[in-house]
Amino acid sequence: MAKLRERLKNKDDKGSRIGFGEHSDPQILTLLRSNEVEGLQIQSFSDSSVWTTVKADPSAFFINVGDTLQAMTNGRFVSVRHRAMLDAHRKRMSTIFFAAPSLQTLIYPLPEMVTHDNPQRYRPYTWAEYKRIMYSLRLATNRLELFVSDSKDSKAFMR
Ligand SMILES: O=C(O)CCC(=O)C(=O)O
Ligand SMILES: [Fe+2]
């Protein structure tokens, strides 16, 4: 038991632990507001072992791009991977609004975002299909990867 406690303590420099593991939000946009306790961290695009703590500001909103907006913008806006850490001494509270389409909405890269240099990256899918697949996978899985277009139909939506 003492060993386990020691291991948890050494997990990072402040002894804090993961409260909600790494993931990207599946929806279009996330609006998050928290109290004055830090905890939200975003992952570096170039090095997945590097996490940056978002400054706690109870007067601000944190706006997060979700997987659906990444698909709609054909990868121009990127769904950032993030996680929430626990604070050993203070309670963190966050309130979140997820903006998502209706279940039967067809999601696909907008024609304006598909160009010769940036061919269609994702195949069309419904939000219902995305949710079904998402719930069958682990939280940390990069599900949008499963919706990448075959190269043969990648020009279908090009202007
Ligand atoms: O509690 C937080 O600040 C983040 C939670 C989160 O990322 C989520 O619910 O998708
Ligand atoms: Fe999230």
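The values are calculated or read from the model by the stated rules, or taken from the named source; none is laboratory data. These numbers were taken from a predicted model, which means no experiment stands behind them. Cβ atoms come from the backbone with ideal geometry, glycine included; neighbour counts cover every protein chain shown. Please note that ligands, DNA and RNA were not included when accessible areas were found on the heavy atoms of the full protein model with its side chains. Shrake-Rupley method; radii C 1.70, N 1.55, O 1.52, S 1.80 Å.
Wholly within segment 52-132, which strands (runs of 3 or more DSSP E) include no fewer than the required count, namely at least 1 residues that are without any contact (Cβ under 8 Å) to a residue 40 or more places away in the chain?
Numbers: elements: 62-65, 82-86, 94-99.
Of the strands (runs of 3 or more DSSP E) lying wholly inside segment 52-132, those with at least 1 residues that are without any contact (Cβ under 8 Å) to a residue 40 or more places away in the chain span 62-65.
Return the total of residues in segment 94-134 being within 16 Å of ligand 1 (Cβ to nearest atom), open to solvent by 30 Å² or more (accessible area, probe 1.4 Å) and under 12 Å from residue 71 (Cβ atoms).
Of the residues in segment 94-134, 0 are within 16 Å of ligand 1 (Cβ to nearest atom), open to solvent by 30 Å² or more (accessible area, probe 1.4 Å) and under 12 Å from residue 71 (Cβ atoms).
Among the residues of segment 68-83 satisfying the criterion of being surrounded by fewer than 20 Cβ atoms within 10 Å (Cβ to Cβ) and within 11 Å of ligand 1 (Cβ to nearest atom), which is farthest from residue 142 (Cα to Cα)?
83
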